[in-house]
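Colleague: What follows is a single structure, and I will ask about it in a moment.
Every number in this text was worked out from the coordinates using simple rules, so none of it is lab data. Note that the coordinates shown come from a computational prediction; the quantities given were computed from them, not determined experimentally. Virtual Cβ from ideal backbone geometry, glycine too; neighbours counted across all protein chains shown.
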Amino acid sequence: MKPEPTSDTVAKDADINSLQCLAFTLGDEVFALDIRNVREILQYGAMTVVPCMPPFVRGVINLRGSVVPVIDMLTRFSGSRARIGKKTSIIILDAAVEDGKMELGLLVDAVSEVIAIPSDSIQTPPQFGSTIPREFIKGIGKHGEEFIVIVEPDLALNIEEMAALTESESVA
């Protein structure tokens, strides 16, 4: 005889069948990152500008003695520079590099909440209609009545590609 599901087992099943994401905004759009990629969230604060960097590298911050580059996600995705406001935040994550991981900061307009997107509601990115390059999109998820772009951090924040862009900027 199979036991009746309790609210705890129903919640666990929902967690298994959904992707836990951190939702954030850039301009008027809502994006999400798999929560497993996120280390912490910081309120926007003092940042050191580094000369000869591409526009999407906003600067560096000191995070407990480590120098962490901060990527302006709006600039990275669309070329527009983010405006700093009361809710501007920096999402700290571990980005994949050849020999392991590297701390990276993502400048976003605001962080809203952790959401669960049901796995069966995540679709492949469309061939057209997105404001960001298609290869940066892991999928499009439906949360309530809203569609949310789920970012693929290994491609959108590819350290080797961004380093190559940095080198070409300093040569130009």
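Colleague: I need the fraction of alpha carbon pairs in segment 60-119 separated by more than 20 Å, rounded to a whole percent. Display every interim value, and only then the final one.
Modeller: Details: 673 of 1770 pairs.
Considering segment 60-119, 38 percent of its Cα-Cα pairs are separated by more than 20 Å.
Colleague: Using a 7 Å offset from the Cα along the Cα-to-Cβ direction at both Glu113 and Arg64, what is the distance between the two label points in nm, to one decimal?
Modeller: 2.9
Colleague: Something else now. Subtracting the Cα-Cα distance from 0.36 nm times the residue separation, let me have the gained length for Ala164 to Gln123 in nm, one decimal. Provide the component values of the computation, followed by the final result.
Modeller: Values: separation 41, 0.36 × 41 = 14.76 nm, distance 3.11 nm.
Full-extension gain reported as 11.7 nm.
Colleague: Could you check the simple spin-label distance between Glu98 and Cys52, using points 7 Å along Cα→Cβ, in nm with one decimal?
Modeller: It works out to 2.0 nm between the two label points.
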